[in-house]
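Participant: Can you keep this structure in mind? I'll have questions shortly.
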Amino acid sequence: MEKIKKWVISQKSLITYGFISIFVMIIDVSVCYVGEFFVDKLIANAIGVVTGFVIQYILASKKVFNSRNKRTFIIFIVTFLFGLACAQGIVWLSRDILFQGADSFIAFAVSKGLSIVIPFFLLYFIRLKLIRPEQGK
């Protein structure tokens with residue numbers, strides 16, 4: 001039990017980032033779902049993604065990286081776009097290459113899962129490396 005406590009304490013920022021990301025994913029999916037009743041699915045998706053980005057920036061910049069300034073915001077935008085491109089690439093590779101264009105639920109679930117998990121860790125570690133905590137806070 002003591003080893004688990006030490007691990008949780010040592011990985012506090014990663015765990016916090018994970019919970020924030022899960023919360024943001026739920027908001028994103030909810031906004032997209034409800035939005036589709038009012039606007040085109042692509043517009044609804046864009047609104048959900050942007051809403052998720054804003055919420056993640058507000059929460060993670062303060063609770064995980066302890067930095068909320070112009071430089072941090074730019075890093076979040078650039079890494080967000082990188083993560084989006086990475087997720088799209090993962091979906092394409094897994095659906096078209098790995099599953100050879102299959103439309104099965106398994107193909108969808110695996111590709112969607114990989115497109116969430118891999119960028120999650122990539123963005124966390126890139127942001128951790130690039131974002132410096134603000135002094136005096």
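The values are calculated or read from the model by the stated rules, or taken from the named source; none is laboratory data. This one's a predicted model, so the numbers in the text were calculated from it and none came from an experiment. Positions of Cβ are backbone-derived with ideal geometry, glycine not excepted, and every protein chain shown enters the neighbour counts.
Participant: Any chance you could count how many residues in the stretch 85-105 are in a helix (DSSP H, G or I) and small (Gly, Ala, Ser)?
Facilitator: 4
Participant: Let me ask something else. Which one of these is assigned to a loop (DSSP other than H, G, I, E, B), out of contact with any Gly (no Cβ under 8 Å at 6 or more places or on another chain) and under 20 Å from PHE53 (Cα atoms): ARG127, ARG132?
Facilitator: ARG132
Participant: Hey, can you tell me all the residues within the stretch 46-67 that are farther than 15 Å from PHE80 by Cα and part of a helix (DSSP H, G or I)?
Facilitator: Across the stretch 46-67, the qualifying residues are LYS62, LYS63.
Participant: Out of everything in the stretch 70-89 that is within 11 Å of the chain's Cα centre (by Cα) and of a type outside the set (A, V, I, L, M, F, W, C), what residue ends up being nearest to PHE108 (Cα to Cα)?
Facilitator: If we take residues in the stretch 70-89 being within 11 Å of the chain's Cα centre (by Cα) and of a type outside the set (A, V, I, L, M, F, W, C), then GLY83 is nearest to PHE108 (Cα to Cα).
Participant: Could you count how many residues in the stretch 100-122 are touching a residue at least 12 places away in the same chain (Cβ under 8 Å) and of a type outside the set (Phe, Trp, Tyr)?
Facilitator: 10
Participant: Step by step: first the residues of the stretch 1-45, then only those that are part of a loop (DSSP other than H, G, I, E, B) and not β-branched (Val, Ile, Thr), then the one that is nearest to LYS129 (Cα to Cα). Which residue is that?
Facilitator: Among those residues, the one meeting the criterion is GLN11.
Participant: Then there's this: Confirm whether PHE108 is modelled with pLDDT under 90, more than 17 Å from ILE22 (Cα to Cα) and assigned to a helix (DSSP H, G or I).
Facilitator: When the stated conditions are applied, PHE108 passes them.
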